[in-house]
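Enquirer: Sharing a structure below in structure tokens format, with a few things to ask.
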Amino acid sequence: ARYKGAHGGRGSAKSHFFGGLGIEDALRFPGDFGTGLRMVCLREVQKSLKFSAKSLIEKKLQSFGLGESQGFKVFRELIELPNDGVMIFQGLQDHTAESVKSLEDFHRAWIEEAQSVSDRSLTLLRPTIRSEGSEIWASWNPSLPTDAIDMMLRSDRTPKGAVVVQSNWSDNPWLPRTLEDERRDDLALRPEKYGHIWQGEYQSVTEGAYFASRLTDAQLSGRIGNVYRD
């Protein structure tokens, strides 16, 4: 699919999935393209590479045993990929209508923390990543149904053929014990935040709401559903 989206709560391995997929695609290129993979990892605002996907990609390369002999070379601001490919890391907010054209020949664009991306940024990006076989990926923990990424990939505006899935901690067989402990703590101590943080729900319950713990318990035990009006 040209558009791939994964939304959900903490601990669902969404970033690990797309990071691994980027490396997998880099290995199989050039394929029909005749060149190495050109991939950009994006956030709405990126002031430092420290908060980008770069460190995750580097750890993935280490765990897969991939290095310079396989065509991967890590530099301070980018990663060279096999067959003269490249992976770069940028902030969408920094782009203008002119500067975003520099991404026209890129094959993959991965938007991290996509709930923060503005409609302006998506409007600039979508027609720019347009080479044959190119794809736009998005991973996010939903905030509001009116956010630009949700309007794009979770509404009647969703492009034809897009693949969008929900993924939560319960779908991750490699969930670390430390995250499981955090999840249990949030369920017990911060039930008003639990649905948004861990279940990937839209933000709807005010912190400290009186019935928050009872509503969370009812949901997790399957006692919330649709009924006819009385």
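Enquirer: Fully extended, how many nm does the chain gain between Phe64 and Ala188 (0.36 nm per residue separation, minus their Cα-Cα distance)? Write out the running numbers ahead of the final one.
Expert: Numbers: separation 124, 0.36 × 124 = 44.64 nm, distance 3.72 nm.
The Phe64-Ala188 span can extend by a further 40.9 nm.
Enquirer: Express in % the proportion of alpha carbon pairs of region 45-103 at distances exceeding 19 Å.
Expert: Value for region 45-103 (Cα pairs over 19 Å): 38 percent.
Enquirer: May I pose another question? Of Gly65, Gly133, Gly85, which has the largest mean-square fluctuation in a 10 Å C-alpha GNM of the chain?
Expert: Looking only at Gly65, Gly133, Gly85, the biggest GNM fluctuation is shown by Gly65.
Enquirer: With the chain treated as a Gaussian network of Cα nodes joined by springs under 10 Å, which of Arg214, Arg130, Arg154 yields the largest mean-square fluctuation?
Expert: Result for the chain, Cα springs under 10 Å: Arg214 fluctuates most.
Enquirer: Could you give the nm distance between label points at Tyr228 and Gln203, where each point is 7 Å from its Cα heading toward the beta carbon?
Expert: Once both label points are built, they end up 3.9 nm from each other.
Enquirer: Calculate the all-directions average of the projected area of region 1-66's alpha-carbon convex hull, and give it in nm².
Expert: So the mean shadow area of the Cα hull is 5.8 nm².
Enquirer: Okay, moving on. Take each of the peptides 113-121, 187-195, 56-64, 215-223, average the number of other beta-carbon atoms within 10 Å over its residues, and list them starting from the highest.
Expert: 113-121, 187-195, 56-64, 215-223
Enquirer: Let me know the whole percent of all Cα-Cα pairs from region 111-159 that are separated by more than 15 Å.
Expert: The calculated P(r) of region 111-159 puts 44 percent of pairs beyond 15 Å.
Enquirer: Another question, then. Can you give the calculated 222 nm mean residue ellipticity of the chain, where each DSSP H run of n ≥ 4 adds -39,500 (n - 2.57) and the sum is split over every residue, rounded to the nearest 500 deg cm²/dmol?
Expert: -9000 deg cm²/dmol
Enquirer: Give me the net charge of Gly5's neighbourhood, meaning all other residues with Cβ under 10 Å from the Cβ of Gly5; Lys, Arg count +1, Asp, Glu -1.
Expert: Net of charged neighbours comes to +2.
Enquirer: Residue by residue through region 117-127, which ³J(HN,Hα) values in whole Hz follow from phi under the Karplus form 6.51 cos²θ - 1.76 cosθ + 1.60 (θ = phi - 60°), with glycine and proline marked x?
Expert: Whole-Hz 3J(HN,Hα) from phi for region 117-127: 6, 7, 4, 4, 5, 5, 5, 6, 6, 4, x.
Enquirer: Can I ask one more? Among Leu78, Ala1, Ile136, pick out the residue whose Cα is farthest towards the positive end of the charge dipole of the chain, where Lys and Arg carry +1 and Asp and Glu carry -1 on C-beta, about the Cα centre.
Expert: After comparing all options, I get Ala1.
Enquirer: Oh, and also: What ranking, highest mean first, results for peptides 11-20, 67-76 when packing means the other Cβ atoms within 10 Å averaged over each residue? It would help to have the intermediate numbers written out before the result.
Expert: On the way: 11-20: 20.6, 67-76: 12.3.
Descending packing order for the listed peptides: 11-20, 67-76.
Enquirer: Let me ask something else about it. Can you pull the three principal axis extents for the Cα set of the chain, in Å, largest first?
Expert: 62, 38, 31
Enquirer: Over what distance in Å are the Cα centres of region 136-209 and region 18-87 separated?
Expert: Taking the Cα centre of each part, region 136-209 and region 18-87 sit 26 Å apart.
Enquirer: Continuing with the same structure: For Ala53, what charge total do you get from the other residues with a beta carbon under 9 Å from its beta carbon, if Lys and Arg give +1 and Asp and Glu give -1?
Expert: +1
Enquirer: Tell me the net charge near Lys73. Cut-off is 12 Å between Cβ atoms, Lys73 excluded, with +1 for each Lys or Arg and -1 for each Asp or Glu. Kindly include the intermediate steps, with their values, before the conclusion.
Expert: Working: positive: Arg76; negative: Glu58, Glu68, Glu80, Asp84.
Summing Lys/Arg as +1 and Asp/Glu as -1 gives -3.
Enquirer: Which angle between 0 and 90 degrees, to the nearest 10, do you get for helix 177-189 versus the longest principal axis of the chain when only C-alpha atoms count?
Expert: Here the helix axis deviates by roughly 30 degrees.
Enquirer: Please list the non-local residues whose amide H lies under 5 Å from the amide H of Val40, H modeled 1.01 Å from N, same-chain partners needing a gap of 5 or more.
Expert: Sorted by chain and number, the residues that satisfy this are Ile88, Arg108, Ala109, Trp110.
Enquirer: Viscosity 0.890 mPa s, temperature 25 °C: Stokes-Einstein D of region 1-110 from its Kirkwood Cα radius, in µm² per second? Before the final figure, lay out the partial values.
Expert: On the way: Rh = 14.6 Å.
D = 168 µm²/s.
Enquirer: Which cross-chain or sequence-distant (5 or more) residues have an amide H under 5 Å from the amide H of Gly5, H modelled 1.01 Å from N in plane?
Expert: Ala138, Val163, Val164, Val165
Enquirer: To the nearest whole percent, what portion of all C-alpha pairs in region 91-204 is separated by more than 19 angstrom?
Expert: 55
Read-outs throughout are calculated quantities, based only on the coordinates presented, and are distinct from any laboratory measurement. Since this is a predicted model, take the numbers as computed values, not measurements. Virtual Cβ from ideal backbone geometry, glycine too; neighbours counted across all protein chains shown.
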